[in-house]
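The values are calculated or read from the model by the stated rules, or taken from the named source; none is laboratory data. Owing to the predicted nature of the structure, the values given are computational and were not obtained by experimental measurement. Neighbour counts run over all protein chains shown; Cβ positions are idealised from the backbone, glycine included.
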Amino acid sequence: MLQRTARSVSFLLASAWLAFAAAPAQAQPESDYPNGLVRIISPVAPGGISDLVARAVAQHLSETFHQQAVVENKAGGNFQIGINFLLSQPADGYNLIVLQEGAVVLNPHLYAGKLSYDPDKDLAPISAITKVDQVLLVHPSVPANNVAEFLALAKEKPGGVTVASFGPGTPPAMFAEMLQLMVPGTKFNTVSYRGAAPMLTDVAAGHVNATFISLGQALPLYREGKVKILATLSLQRLPVLPDIPTMAETIPGFEGTAWHGLFARAGTPKPIIDKLNAEMRRMAADPGFQQRVLQPNYFRSIAGSTADMAEMIKTESAKWKKFVAEAKISVE
């Protein structure tokens, strides 16, 4: 009897030890975070500016935490495929996602209840990362040298001026919609592409008249004389282009920016969110990050508190909700 009891106790202890040993690293206390691989989801194709930011985050976390952080691209569905993958994983900080602003402040209004996620309920903001200034560029053959002339051309030939975009609901398409709403009588023909590279190639070749794109992506073509930059979409002129006017100088109140932020699944423990937020601020202050990512791409760091990011999302979401309703835009 005693031998049987001893064997039973030994079996239970061994089973408990095996269960503990087999438990994933994520089950350990938040103070140990991270003690295993961290996955950074990039919901876009490799090579774009959003993917660049995701890889910078992965590199920083790997170097800081001395744990491997890897980027996994899960593109498609206007960010929905990547976000849905995040939501299929535990809320433990070992799966994170770098998103463009449209995923959280625009998609909920564009898809009108058909979106596969709710950013307010499903995502936990960690930190904003970068702000990306945008410009309006046209092929040199376009008979317009400023915004007023460009708009006059669009009014003169409704639908005759082509504007390249990444598809419905993407920044270039939305900026074109903003122009049409704010300048009555303006009508563009939007042409969709699968990414920035083919889009810019066609604008530079003259196959499409114009597009809206990030400053860093536009400057090489501009300096080679392959495109004209008619305006920046920031509210103030940019130091790198002091002679290029803002869109707001012609259309008061027009502003078009893009930004990137780091998110976790809702329900991720606050100590982990706080730890990651602190790392995003450290990354922003790192000279290596500034020289490697910010400066060559003309990004601006906007890393701040989680509360700051949540407030920014709230403000911009309200702005886009109003715009989408007024412009009567929807995406199936």
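I'd like the full set of residues that are crowded, with 16+ Cβ neighbours inside 10 Å, out of contact with any helix residue (DSSP H, G or I) (no Cβ under 8 Å at 6 or more places or on another chain) and at pLDDT below 95, limited to segment 284-332.
Hits for segment 284-332: nothing passes.
Can you name the residue in segment 139-152 that is of a type in the set (A, V, I, L, M) and not in a helix (DSSP H, G or I) and, of all such residues, is farthest from Gly76 (Cα to Cα)?
Ala144
Which of the residues that make up segment 153-166 are outside any loop (DSSP other than H, G, I, E, B) and more than 10 Å from Gly185 (Cβ to Cβ)?
Those that are outside any loop (DSSP other than H, G, I, E, B) and more than 10 Å from Gly185 (Cβ to Cβ): Leu153, Val161, Thr162, Val163, Ala164, Ser165.
Based on what the data block shows, is Met312 in contact with a strand residue (DSSP E or B) (Cβ under 7 Å, 6 or more places away or on another chain), under 26 Å from Gly167 (Cα atoms), part of a helix (DSSP H, G or I) and assigned by TED's automatic domain parsing to the domain that holds Asn78?
On the way: in contact with a strand residue (DSSP E or B) (Cβ under 7 Å, 6 or more places away or on another chain): yes; under 26 Å from Gly167 (Cα atoms): yes; part of a helix (DSSP H, G or I): yes; assigned by TED's automatic domain parsing to the domain that holds Asn78: yes.
Yes; evaluated as a whole, the condition is true for this residue.
Is one or more of the residues making up segment 259-279 under 26 Å from Ser317 (Cβ atoms), of a type in the set (S, T, N, Q) and modelled with pLDDT of 95 or more?
We begin by selecting, within segment 259-279, every residue under 26 Å from Ser317 (Cβ atoms); these are 259-270, 272-274, 276-279.
Cutting the leftovers down to of a type in the set (S, T, N, Q) gives us 268, 277.
Adding the requirement that they be modelled with pLDDT of 95 or more leaves 268, 277.
Yes, segment 259-279 has at least one match.
With the condition kept exactly as written, say whether any residue in segment 104-122 is farther than 19 Å from Ser317 by Cβ and acidic (Asp, Glu).
no
In the list Pro158, Pro172, which residue meets the criterion of being surrounded by fewer than 14 Cβ atoms within 10 Å (Cβ to Cβ), of a type outside the set (Gly, Ala, Ser) and not assigned by TED's automatic domain parsing to the domain that holds Val293?
Being surrounded by fewer than 14 Cβ atoms within 10 Å (Cβ to Cβ), of a type outside the set (Gly, Ala, Ser) and not assigned by TED's automatic domain parsing to the domain that holds Val293 holds for just one of Pro158, Pro172, which is Pro158.
From the list Thr186, Thr170, pick out the single residue that is out of contact with any strand residue (DSSP E or B) (no Cβ under 6 Å at 6 or more places or on another chain), closer than 30 Å to Gln89 by Cα and not aromatic (Phe, Trp, Tyr).
Thr170
Under 6 Å by Cβ, and 6 or more places apart or on different chains, what pairs join a residue from segment 272-292 that is of a type outside the set (A, V, I, L, M) with one that is modelled with pLDDT of 95 or more?
Listed pairs, sorted by first residue: Asn277/Ile126; Asn277/Ser127; Asn277/Thr306; Glu279/Thr64; Arg281/Ala303; Phe289/Met283.
Please enumerate the residues belonging to segment 172-216 that are modelled with pLDDT under 90 and either charged (D, E, K, R) or under 17 Å from Ala248 (Cα atoms) (or both). Give the steps one after another, and end with the answer.
To start, the set of residues in segment 172-216 that are modelled with pLDDT under 90 comprises 193-198.
Selection gives Arg194 alone.
With a cut-off of at least 3 residues that are aromatic (Phe, Trp, Tyr), name the strands (runs of 3 or more DSSP E) lying wholly within segment 180-281.
No strands (runs of 3 or more DSSP E) qualify here.
Can you name the number of the only condition in (1) crowded, with 18+ Cβ neighbours inside 10 Å; (2) modelled with pLDDT of 95 or more that Gln89 fails?
(1)
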